[in-house]
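The values are calculated or read from the model by the stated rules, or taken from the named source; none is laboratory data. Worth saying up front: this structure is predicted, and the values here are computed from it rather than measured. For neighbour counting, all protein chains shown are included, and Cβ atoms are generated from backbone atoms with ideal geometry for every residue, glycine included.
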Amino acid sequence: MIEEIRGKLLAEVEALNHELHVVLPDTLKKAIQNGDLRENADYHAAIERHGMIQRRLVQLRSRLYQLSDVDLSSVPTDRVGLGSRLTVVDLDTKEKQVFEVVIPDAVDVEAEHISVSSPLGQALLNKKVKDVVTVRLPAGQRRLRISKLQTAHDLAQ
């Protein structure tokens, strides 16, 4: 999971670096050729885009650095932790849901990923099978019982 995320972040860094060093200079060159820069919308848009790219690159490099600090050996083997896939039952509706607990950069709602830092992720962390958690979400309070758990270690085998 971590390597997949690192790959996505590196691909975004590469694309942004290409835009920063190839696309934007060409755009700026064309904008400058159009004359008066004070009222040149293309020039101002390119300068604004340059700043946005610089800020995003700082964020991406920070996330890549943080990913290098993730120690998967510290992930629990018997409780919900990073990389766990679990099935929960809503005690009010009896509806079953399957979640995978991931880092924020890997969240994919369609794949039923939840962030380890989200309210739901925080409520489920360190819980075991049969534990009941109550979590307050924007849609209201939910009571969930963990019915099945596969940790990152189980999934890696």
Open item on the list: It is to be established whether one or more residues within the range 100-117 are over 21 Å from Glu4 (Cβ atoms) and surrounded by fewer than 15 Cβ atoms within 10 Å (Cβ to Cβ).
Closed with: no
Open item on the list: Residues that are surrounded by 11 or more Cβ atoms within 10 Å (Cβ to Cβ), within 30 Å of Val22 (Cβ to Cβ) and not basic (Lys, Arg): does the range 120-130 have at least one?
Closed with: no
TODO: Being assigned to a helix (DSSP H, G or I) and either touching a helix residue (DSSP H, G or I) at 6+ places or on another chain (Cβ under 9 Å) or touching a residue at least 40 places away in the same chain (Cβ under 8 Å) (or both) is the filter here, so list the residues in the range 105-116 that pass it.
DONE: Asp105, Ala106
Open item on the list: Here is a list: Ser73, Ser62. Which entry is over 21 Å from Val107 (Cα atoms) and out of contact with any helix residue (DSSP H, G or I) (no Cβ under 7 Å at 6 or more places or on another chain)?
Closed with: Ser73
TODO: Evaluate the following for Ser62: is it at pLDDT 85 or above, small (Gly, Ala, Ser) and surrounded by 11 or more Cβ atoms within 10 Å (Cβ to Cβ)?
DONE: no
TODO: Tell me, please, whether a residue that is of a type in the set (S, T, N, Q), more than 30 Å from Lys130 (Cα to Cα) and surrounded by fewer than 13 Cβ atoms within 10 Å (Cβ to Cβ) can be found in the range 89-96.
DONE: no
Open item on the list: When you check Val133 against the structure, is it assigned to a loop (DSSP other than H, G, I, E, B) and either not assigned by TED's automatic domain parsing to the domain that holds Asp90 or not small (Gly, Ala, Ser) (or both), yes or no?
Closed with: no
Open item on the list: Between Arg85, Arg56, Arg79, which is surrounded by fewer than 17 Cβ atoms within 10 Å (Cβ to Cβ), out of contact with any Gly (no Cβ under 8 Å at 6 or more places or on another chain) and among the basic types (Lys, Arg)?
Closed with: Arg56
